[in-house]
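What follows is one structure encoded as structure tokens, with my remarks underneath.
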Amino acid sequence: MLSKALSAFGRKKMSTVDTAWLRMDSDSNLMMIVGVAMLSKPISSAGLKEALTTRFLAFSRFRSRVVTDLSGSWWQEQPVDLDDHVVHLALDVPPGGASNKPVLQKLVAQLSQQPLAPHLPLWQMHLVDDCVGEDGQIRQALIIRIHHCIADGVALVGVFMSMFGAHPDAQPHPLSEHAIEAAEANPWEQILMPVTAASVKAIKLSSALWLKSFRMWSDLPQMGEKIGAIGQTAGQLTADALKLTLMEADSPTRFKGKPNGKKHVSWSEPLPLAEVKTIGKAYGCSINDVLMASVAGALRAYLCGKGDAVAPDCEVRVMVPVNLRKASGQQKLGNAFGLVPLVLPVGMEDPVARLYEVRKRMNELKGSYTALVAMSVLGVLGATPKQVQNEIQNYFTRKATAVMSNVPGPQTPLYLAGSQLDQVMFWVPQSGDIGLGVSILSYNGGVQFGIVTDDALITDPDRVIARFAPEFEKLVLLALMDEAQAA
């Protein structure tokens, strides 16, 4: 009854999953989803604000600041001044038509380590003029920063893309009340989760007892069974919980270590998505398999280029978000995904053997409940004391080296205020002591790789990005050679 009464006054209770993301900010890693959209020609601040008013502000989360008290965290609606959320600036244009992409990348990196204002709704956009690309074209960049507690990457990419139209003269139309209500329905309640509301309400342990219990669990094979029991599940779910909690740390590489919070960002030019599909079909693999294998190859090539010894059994574990929403044509805000651990065979030198090994490991993950277990644990942690969440979260992040997301976008060109969206890239944040993030996003027939690194680990992410296309080309060349030999 109290929650309903508060909702009438523009205050809504935050879910335990969203609360977990809210509390995950640290000095070395801020929980912001950061994006860069490249527009073919400049739009005005007024044009952007019109689209934001019509689309973004239709959702109460973009009109609400976060309020935390003894009862938990809440969404508190308040008047929004878009001047607080939209910043318009310009880069210096280099002489001779040289690219200033490194300057833009540096700006994105600086913003990714700059906290959002806590007294405002947790999002901000920078409209950046005079961005000269590697092709010599002058474009406008739109840098987007949104806190992860508002929604996950899949939802935010969808909401962001909804500001755009399919034609240059298209105008964003207001959303219907039904669409808004559907989008703001709590995805935690919409999905059959292993942790029920009753399970969360039943948590009565003190902070000290939680920590004592967790430390005991982390040393015993029964830990996975206990997490399975929390979710009132058994069988495969319990087995996957056991695998998740007892996984060993991956190989030590220069990608792994204690981050210091200073970020570096880089992104590639698009690869033709049709070529990726063709190569996947040639090898009997999915597009994801090909892209993940290219990532593994790029990481290996970078390490070798640095003179590091890369053993054949070298493996890098990346945590991959998996969308857990029910199929729907409507966007739903909030966080409704689980992280699954994919171990990349970085030590394998043969590109084709590496691809088949990635395919094998991806197939093994597809039949598991690991994503459900991971989201269930996060939901429970959001209802525990923050100290408990931090310790258990750090336990899991020590087992991984990177976070990697792969988000499919629209495959036809989109327009905002008459300007075409040429490229778009988003990064999900890294938590705990993870200092490497890799993103893959497809749009309008192309697929792009992006990377964010921490200064304490990698200071030259451009050298990693430069390896992605050559690794993919190796697969293309070997496929052509096989075809020629068969002929």
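The values are calculated or read from the model by the stated rules, or taken from the named source; none is laboratory data. Since we're looking at a predicted model, the values are computed, not measured. So basically every Cβ, Gly included, is an ideal-geometry build from the backbone, and we count neighbours across all protein chains shown.
Scan the range 342-361 residue by residue and report those that are of a type in the set (A, V, I, L, M, F, W, C) and either under 19 Å from Gly437 (Cα atoms) or surrounded by fewer than 17 Cβ atoms within 10 Å (Cβ to Cβ) (or both). Spell out the reasoning first.
If we filter the range 342-361 for residues that are of a type in the set (A, V, I, L, M, F, W, C), which is where we start, we get 342-344, 346, 348, 352-353, 355, 358.
Those that are of a type in the set (A, V, I, L, M, F, W, C) and either under 19 Å from Gly437 (Cα atoms) or surrounded by fewer than 17 Cβ atoms within 10 Å (Cβ to Cβ) (or both): Leu342, Val343, Leu344, Val346, Val352, Ala353, Val358.
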Practice problem: Kindly indicate whether any position in the range 319-328 is at pLDDT 90 or above, surrounded by fewer than 19 Cβ atoms within 10 Å (Cβ to Cβ) and more than 23 Å from Arg398 (Cα to Cα). | Solution: no
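Met38 - would you say it is in contact with a His (Cβ under 6 Å, 6 or more places away or on another chain), modelled with pLDDT of 90 or more and either at negative phi or assigned by TED's automatic domain parsing to the domain that holds Gly435 (or both)?
Details: in contact with a His (Cβ under 6 Å, 6 or more places away or on another chain): no; modelled with pLDDT of 90 or more: yes; either at negative phi or assigned by TED's automatic domain parsing to the domain that holds Gly435 (or both): yes.
For Met38, the condition - in contact with a His (Cβ under 6 Å, 6 or more places away or on another chain), modelled with pLDDT of 90 or more and either at negative phi or assigned by TED's automatic domain parsing to the domain that holds Gly435 (or both) - is not met.
If a residue has to be assigned to a strand (DSSP E or B), surrounded by fewer than 19 Cβ atoms within 10 Å (Cβ to Cβ) and among the hydrophobic types (A, V, I, L, M, F, W, C) to count, how many in the range 26-74 make the cut?
Initially, the range 26-74 is screened for residues assigned to a strand (DSSP E or B), giving 32-39, 64-69, 72-74.
Checking the rest, the ones that are also surrounded by fewer than 19 Cβ atoms within 10 Å (Cβ to Cβ) come to 65, 67-69, 72.
Then keep just the ones that are among the hydrophobic types (A, V, I, L, M, F, W, C); that gives 67.
The qualifying residues number 1.
Okay, residues lined up against (1) in contact with a helix residue (DSSP H, G or I) (Cβ under 9 Å, 6 or more places away or on another chain); (2) in a strand (DSSP E or B):
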| site | (1), (2) |
| --- | --- |
| Pro102 | yes, no |
| Lys106 | no, no |
| Leu111 | no, no |
| Leu120 | yes, no |
| Cys131 | yes, yes |
| Arg139 | no, yes |
| Leu142 | yes, yes |
| Arg145 | yes, yes |
Exercise. Please enumerate the residues belonging to the range 432-461 that are part of a loop (DSSP other than H, G, I, E, B) and surrounded by fewer than 24 Cβ atoms within 10 Å (Cβ to Cβ).
Key: Gly432, Asp433, Asn444, Gly445, Asp455, Ala456, Leu457, Ile458, Thr459, Asp460
Quiz prompt | Pick from the range 5-25, criterion in a loop (DSSP other than H, G, I, E, B) and touching a Ser or Thr at 6+ places or on another chain (Cβ under 6 Å), ranking: modelled with the highest pLDDT | solution = Met14
Quiz item: If you check Val407 against the conditions, is it part of a strand (DSSP E or B) and touching a Gly at 6+ places or on another chain (Cβ under 6 Å)?
Solution: yes
Quiz item: Does at least one position in the range 382-393 carry a residue that is part of a loop (DSSP other than H, G, I, E, B) and at pLDDT 80 or above?
Solution: no
Quiz item: If you check Arg55 against the conditions, is it farther than 30 Å from Asn260 by Cβ, at pLDDT below 90 and either assigned by TED's automatic domain parsing to the domain that holds Lys256 or within 25 Å of the chain's Cα centre (by Cα) (or both)?
Solution: yes
Quiz item: Going by the conditions given, is Val154 touching a Phe, Trp or Tyr at 6+ places or on another chain (Cβ under 9 Å) and in a helix (DSSP H, G or I)?
Solution: yes
Practice problem: Considering (1) without any contact (Cβ under 8 Å) to a residue 24 or more places away in the chain; (2) within 25 Å of the chain's Cα centre (by Cα), say which one Arg63 fails and leave the rest. | Solution: (1)
Self-check item: Pairs, first of a type in the set (A, V, I, L, M) in the range 99-117, second surrounded by fewer than 20 Cβ atoms within 10 Å (Cβ to Cβ) and part of a loop (DSSP other than H, G, I, E, B), C-beta under 9 Å, six or more apart
Solution: Val103/Leu91; Val103/Asp92; Val103/Pro94; Leu104/Leu91; Leu107/Leu91; Ala109/Lys262
